[in-house]
Number of protein chains: 2
Amino acid sequence: MIHNVSSDSPIGIFDSGIGGLTVVKAVQAALPSERIIYFGDTARVPYGPKSQVTIRKYASDDIAILMRYKPKMIIVACNTVSALALDVVEKACGDIPVIGVLKAGAELAVKATKNNRIGVIGTQATISSNAYASAIKLLNQEIEVVSKACPLFVPLAEEGFIDHPATKLIAKEYLSEIRQQAIDTLVLGCTHYPILRRVIEETIGEGIRIIDSAEAVALRTKQLMTESKLLNPARKASAPHLLVSDLPQKFSLLYQLFMGSELPDVELVEV
Amino acid sequence: MIHNVSSDSPIGIFDSGIGGLTVVKAVQAALPSERIIYFGDTARVPYGPKSQVTIRKYASDDIAILMRYKPKMIIVACNTVSALALDVVEKACGDIPVIGVLKAGAELAVKATKNNRIGVIGTQATISSNAYASAIKLLNQEIEVVSKACPLFVPLAEEGFIDHPATKLIAKEYLSEIRQQAIDTLVLGCTHYPILRRVIEETIGEGIRIIDSAEAVALRTKQLMTESKLLNPARKASAPHLLVSDLPQKFSLLYQLFMGSELPDVELVEV
């Protein structure tokens, strides 16, 4: 029993910036009748290279903004927050359930691996936190996890260098170590990375299953809403309600890159 | 006459992050006896892709932090702030003189050009603001300015991809348009870019004078301190007093990359 929410309450999703839109897209695809409210902390993005203290403070601000809209559940679309500040979010949410991309991605990867060797790529903070490896080991101690921070993937995705020779070179450099570790599963541990999925797939080579945390979290969300009997009855699909802390010049372009549709109205909030 | 300052007062320098350390290094080289206090807003870096409203708010916070230390002058080492919020800083400084990297770089470029064609590269916000072109035209209307935003140069520099083939490819792509415009002078309109100076020089080709805004602002500072009779009499050179709003894991590594010396004590301040 969750207090003060109904099946028509929105699903709240937040991220350090616009990367979490890949999660919005996946949730919309899985659950087209749900209302989605999204907060992107575009004024303070990126969280990835920052310290844990700062990331925890920002997570606390972010969840406070979403809670004003009385969501029926919260998705932490930011891998960095999922890794370093999930408890901060859970505490602020009370009995509202919280799903982090990280745990959802880890679960799907554990199900997928056949040879018990999983690769994880993400931002500096996510990888240094070792949170994916811990989450995976908690599910199955036998699994070996090979991790690699890929700091340039976010700016390359945002610059739209999807298929650029430089992106291929950088992917080759970042992924060469993991490639040699005989993994059979690779977790995209950053919400920007699905934008570069093709070049990552080509570089890592055939026969390796790619786990997109955005898809994983959408599956978990559907399951949880079904179990809690909080699925929204069929209503017309609508654009997400977008909140951002800054509205940069490139926002509309980036929205199209991530969502494949025109930017709806956006609300500016102060952090 | 500047109130409440002496020749022993510090020179205050601030930037959105660590890029301004190239300015610290240039000022130390030109004026080894000066005390330097540096604030880097590492919790909210980068400013470049953000909106003017947000950049002006951040600039106001940044200068408030430095003013507590009663500086004898302020250097705005951030091109983005110099372009979009210099008036905010000047207002907060009262009769304390303010030098922005942008104006100093523009002045040196105007002196350097022989054919009146200047190229400028910088972040998205700096280039979109057209502030370099305006500053140059104010000095000499005849000069043609060709500008190009190079958003990947900052993350490439911070990743230490100084001499990487991917950096060369990206530099080639960014600089090819400007190369064709018969410029004889190129302004590095972002404090990170001196880190990539060699690849930029190689890509832009021979016979083009590179203007490093950090060096330009150091020259102006020396001139101004001499004119105001505020030069610090010979004292032993010392490490800058460092203030940051976040202390990320890579900070020490980046400090070495920018300064070529070991990280001194750092003070964490809240923004």
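The values are calculated or read from the model by the stated rules, or taken from the named source; none is laboratory data. Quick caveat, the model's predicted, so the values are computed rather than measured. Positions of Cβ are generated from backbone atoms using ideal geometry, with glycine treated the same way; all protein chains shown enter the neighbour counts. Note: areas computed on protein heavy atoms with side chains; ligands, DNA, RNA excluded. Shrake-Rupley method; radii C 1.70, N 1.55, O 1.52, S 1.80 Å.
Odds and ends about this structure:
- Which numbered condition residue A:43 fails, given (1) over 14 Å from the mean Cα position of the chain (by Cα); (2) open to solvent by less than 10 Å² (accessible area, probe 1.4 Å); (3) under 17 Å from residue A:212 (Cα atoms): (3)
- When the test is whether a residue is more than 14 Å from every other protein chain (Cβ to nearest Cβ), surrounded by fewer than 24 Cβ atoms within 10 Å (Cβ to Cβ) and not β-branched (Val, Ile, Thr), residue A:78 does not pass it.
- Total residues in segment B:144-167, condition charged (D, E, K, R), in a helix (DSSP H, G or I) and surrounded by fewer than 16 Cβ atoms within 10 Å (Cβ to Cβ): 0
- Only one of the numbered conditions (1) away from chain B (no Cβ under 14 Å); (2) assigned to a helix (DSSP H, G or I); (3) crowded, with 18+ Cβ neighbours inside 10 Å is not met by residue A:134, and that is (3).
- Among residues of segment A:25-63, those that are more than 14 Å from chain B (Cβ to nearest Cβ) and among the β-branched types (Val, Ile, Thr), counted: 4
- Boolean, residue A:101 is open to solvent by less than 10 Å² (accessible area, probe 1.4 Å), within 28 Å of residue A:230 (Cβ to Cβ), more than 14 Å from chain B (Cβ to nearest Cβ) and under 15 Å from the mean Cα position of the chain (by Cα): yes
- Residue among A:209, A:197 that is out of contact with any helix residue (DSSP H, G or I) (no Cβ under 9 Å at 6 or more places or on another chain) and not aliphatic (A, V, I, L, M): A:197
- Filtered by the rule that a residue be surrounded by 19 or more Cβ atoms within 10 Å (Cβ to Cβ) and assigned to a helix (DSSP H, G or I), segment B:109-127 gives B:109, B:110, B:124, B:125, B:126, B:127.
- Boolean, residue B:236 is under 21 Å from the mean Cα position of the chain (by Cα) and open to solvent by 10 Å² or more (accessible area, probe 1.4 Å): no
- Evaluation of residue A:71 against (1) open to solvent by less than 10 Å² (accessible area, probe 1.4 Å); (2) in contact with a helix residue (DSSP H, G or I) (Cβ under 7 Å, 6 or more places away or on another chain); (3) not in a helix (DSSP H, G or I) (one fails), failing number: (2)
- Any hit, segment A:102-123, residues being over 20 Å from residue A:215 (Cβ atoms), in contact with a strand residue (DSSP E or B) (Cβ under 7 Å, 6 or more places away or on another chain) and not polar (S, T, N, Q): yes
- For segment B:235-253, a residue qualifies if it is among the aliphatic types (A, V, I, L, M) and in contact with an Asp or Glu (Cβ under 6 Å, 6 or more places away or on another chain), and exactly one does: B:243.
- Residues located in segment B:209-228, provided they are free of Cβ contacts under 8 Å to residues at least 60 places away in the same chain and surrounded by 15 or more Cβ atoms within 10 Å (Cβ to Cβ): B:210
- Here residue B:141 meets each of (1) under 27 Å from residue A:158 (Cβ atoms); (2) assigned to a loop (DSSP other than H, G, I, E, B); (3) free of Cβ contacts under 8 Å to residues at least 12 places away in the same chain with one exception, condition (1).
- From B:60, B:9, residue being open to solvent by 10 Å² or more (accessible area, probe 1.4 Å), assigned to a helix (DSSP H, G or I) and modelled with pLDDT of 95 or more: B:60
- Counting the residues of segment A:88-108 that are over 22 Å from residue A:47 (Cβ atoms) and either among the acidic types (Asp, Glu) or outside any loop (DSSP other than H, G, I, E, B) (or both) gives 3.
- Pairs with Cβ under 9 Å, 6+ apart, first in segment B:240-265 and within 19 Å of residue B:77 (Cα to Cα) and more than 14 Å from chain A (Cβ to nearest Cβ), second of a type in the set (Lys, Arg) and in a loop (DSSP other than H, G, I, E, B): B:240/B:35; B:241/B:35
- When restricted to residues that are at the interface with chain B (Cβ under 9 Å from one of its Cβ atoms), under 30 Å from residue A:116 (Cα atoms) and under 17 Å from the mean Cα position of the chain (by Cα), segment A:153-186 contains 1.
- For residue B:50: the one exception among (1) assigned to a loop (DSSP other than H, G, I, E, B); (2) surrounded by fewer than 24 Cβ atoms within 10 Å (Cβ to Cβ); (3) not acidic (Asp, Glu): (2)
- When A:183, A:170, A:162 are checked against the criterion of being hydrophobic (A, V, I, L, M, F, W, C) and under 19 Å from residue A:257 (Cα atoms), A:162 stands alone in meeting it.
- Scanning segment A:138-152 for residues that are aliphatic (A, V, I, L, M) and more than 14 Å from chain B (Cβ to nearest Cβ) yields A:138, A:139, A:143, A:145, A:146.
- Any hit, segment B:222-242, residues being in contact with a Gly (Cβ under 6 Å, 6 or more places away or on another chain) and closer than 24 Å to residue B:71 by Cβ: no
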